[in-house]
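Enquirer: This structure is in structure tokens; I'll ask about it shortly.
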Amino acid sequence: MPGTLSFEDLKTAIAAGNIDTVLACIVDMQGRLMGKRFHAQHFIDSAYQETHCCNYLLATDLEMYTVEGYAATSWAGGYGDYVMKPDLSTLRPVPWLAGTALVLCDVLDHHTHAEVPHAPRAMLKQQIARLAELGLTAKMATELEFFLFEKSFDEIRKSGFRDLEPISGYNEDYHILQTTKEEAVMRPVRNHLFAAGIPIENTKGEAETGQEELNIKYAPALDCADFHTISKHAVKEIAWANGRAVSFLAKWRSDKVGSSSHIHQSIWNDRDENAFCDPSGDYGMSDTMRHYLAGLIKYAADYTYFLAPYINSYKRFQKGTFAPTKTVWSVDNRTAGFRLCGEGTKALRIECRIGGSDLNPYLALAAQMAAGIKGLQDKLDLAPPASGDVYEAKRAAEVPHTLRDARDALRKSKMLREAFGDAVIDHYARAAEWEIEAFDRAVTDYEVARGFERA
Ligand code: ADP
């Protein structure tokens, strides 16, 4: 579902004094909204056509550092401008902020006005177009897991990130009593996002103290990624407005389970039927599903970087935590990397359980679609499903153990280079490398506590 405001609706709302601010945002490499807050009048007079941002926005790290080593942008290149081109189909109100609307922008080259190829939205649109050439579309849903904390972002930062008390004192998986106590944050999250045109299904307590899950109805892939990005942003702002913090770190404590972002996907034909379904196939699976899933599995290591982009992301992949360690598939079994859901029904789909809550949904969906498309093109065979406790499966391929391993697999991936082009893959391999370099320089709490006296 696109945005809920037409350009005419926006003009009417501005004239009536209901909207005075328009947020124009691009999505950065980390999946964050970056942009400008426009006076609404200037937006409808001129900025709706295009506005501009520094091209370092698609080459920074989480801390906005000017990372060196990118071919696309650098000090030597002068850090010029990109065009931010509002995609007016994404225009929507921001009900949790007074008088505010939001529009997502595509990122264009300042001179040629061509889409910047390593812009996350452009990468996803490119794979959607490749799938469309096969007469198919992808419908996706990303689950958002995160932790809700007692204190605010500022209090936690000022404590040196030590004052981390989750909002609940016990594992609240599916708990109604505990989640009732969290409604001051979670009810506005559901209702404001719904009013912003995002088809929220539910929120629930997850399997750890203070852990939450937000589910959004499956949608065409670009809408799914837009929904995820806006929802994650909203969760942070609504928590902030309530004096609380949330964290989408994949693993914030070694003795607690991590947060994931499972990706549900199915492929649809031009009659808007789920092309994964064939009642005569094993588990109700069509050949389309078998080939697509075989592609997802074969290239899992190649694209893991896009599901787990930081050093921290890899701390989540631990046995017995519901985060997978093996890239095999299974039928409704939460110990495998890929879970077949909705067996024998029209909701037949595959859930990829590898992604962490820290993923950028545009990159994750684009990379998975590229792998699935390759599976379809090469008519890859699907191995039989794994069963039982897949953590203990012998000879099953493993999720890369570290960001270094994932970076190497990304760099070497012929499949991803064919799908996105060398420049794009080199750009993200550099982003991965930078995360490794930055961490290698850091002296951590762990090292100090372990060695301060005893080394
Ligand atoms: P569970 O309770 O097992 O996690 P849900 O019913 O909550 O499963 O569904 C999980 C996600 O799967 C939801 O976001 C839902 O919209 C999505 N989903 C349902 N059907 C499909 C489908 N055919 N393709 C992709 N995603 C789907």
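Enquirer: For a 21 Å ceiling on Cα separation, which of these pairs sit above it: LYS204/LYS256; LYS125/LYS379; LYS36/LYS151; LYS298/LYS346; LYS139/LYS414?
Expert: Values: LYS204/LYS256 18 Å; LYS125/LYS379 23 Å; LYS36/LYS151 28 Å; LYS298/LYS346 26 Å; LYS139/LYS414 26 Å.
Over 21 Å Cα-Cα: LYS125/LYS379; LYS36/LYS151; LYS298/LYS346; LYS139/LYS414.
Enquirer: Also: Compactness ratio of region 87-235: Cα Rg over 2.2 N^0.38 Å, N = residue count? Write down the numbers at each step before the final one.
Expert: Values: Rg = 18.4 Å, N = 149, 2.2 N^0.38 = 14.7 Å.
In units of the 2.2 N^0.38 Å rule of thumb, it is 1.25.
Enquirer: Okay, next question. At most 14 other Cβ atoms within 10 Å and a DSSP loop assignment: could you name the trypsin sites (Lys or Arg not before Pro) in region 103-206 that fit?
Expert: Values: sites: ARG121, LYS125, ARG130, LYS139, LYS151, ARG157, LYS158, ARG162, LYS181, ARG190, LYS204; in loops: LYS151, ARG162, LYS181.
Answer in residue order: ARG162, LYS181.
Enquirer: What are the membrane-span-like helices in the chain by this rule: whole DSSP H runs, Cα extent along the axis at least 18 Å, mean Kyte-Doolittle hydropathy at least 0.5? Walk me through the numbers on the way to the answer.
Expert: Numbers: long enough: 120-133 (20 Å, -0.40); 221-241 (30 Å, 0.20); 361-377 (23 Å, 0.72); 422-441 (28 Å, -0.52).
Answer set is 361-377.
Enquirer: Taking Cα centroids, how far is region 199-223 from region 1-34 in Å?
Expert: Going from one Cα centre to the other spans 23 Å.
Enquirer: Are there trypsin sites (Lys or Arg not before Pro) in region 245-280 that DSSP marks as loop and that have at most 10 other Cβ atoms within 10 Å, and which are they? Intermediate values should be presented prior to the final figure.
Expert: Working: sites: LYS251, ARG253, LYS256, ARG271; in loops: LYS251, ARG253, LYS256, ARG271.
Taking region 245-280 and a limit of 10 other Cβ atoms within 10 Å, the loop trypsin sites (Lys or Arg not before Pro) found are ARG271.
Enquirer: Return the calculated 222 nm mean residue ellipticity for the chain, to the nearest 500 deg cm²/dmol, obtained by summing -39500 (n - 2.57) across DSSP H runs with n ≥ 4 and dividing by the residue count.
Expert: On the way: 13 runs with 149 residues, N = 455.
Helix-only estimate at 222 nm: -10000 deg cm²/dmol.
Enquirer: Something else about it: Provide the convex hull volume over Cα atoms per residue for region 307-455, in Å³. Each step should come with its number before you reach the end.
Expert: Working: hull volume 22.3 nm³, N = 149.
Normalising the Cα hull of region 307-455 by residue number yields 149 Å³.
Enquirer: Assuming a viscosity of 0.692 mPa s and a temperature of 37 °C, what translational diffusion coefficient in µm² per second does Stokes-Einstein assign to region 1-116, Rh being the Kirkwood radius over Cα pairs?
Expert: After rounding, the answer is 219 µm²/s.
Enquirer: Continuing with this model, one more query. Just how far, in whole angstrom, is region 98-146 from region 281-300 if you go by their alpha carbon centroids?
Expert: 25
Enquirer: Could you tell me the ratio Rg/Rh of the chain? Both radii from Cα atoms, Rh via Kirkwood.
Expert: With Rg and the Kirkwood Rh in hand, the quotient comes to 0.95.
Enquirer: Considering only C-alpha atoms, what is the centroid distance from region 68-95 to region 383-417, in Å?
Expert: Spelled out, the Cα-based centre of one part sits 33 Å from the other.
Just so you know, all these numbers are worked out from the coordinates, no wet-lab data involved. Keep in mind the model is a prediction, meaning the values are calculated, not measured. Positions of Cβ are generated from backbone atoms using ideal geometry, with glycine treated the same way; all protein chains shown enter the neighbour counts.
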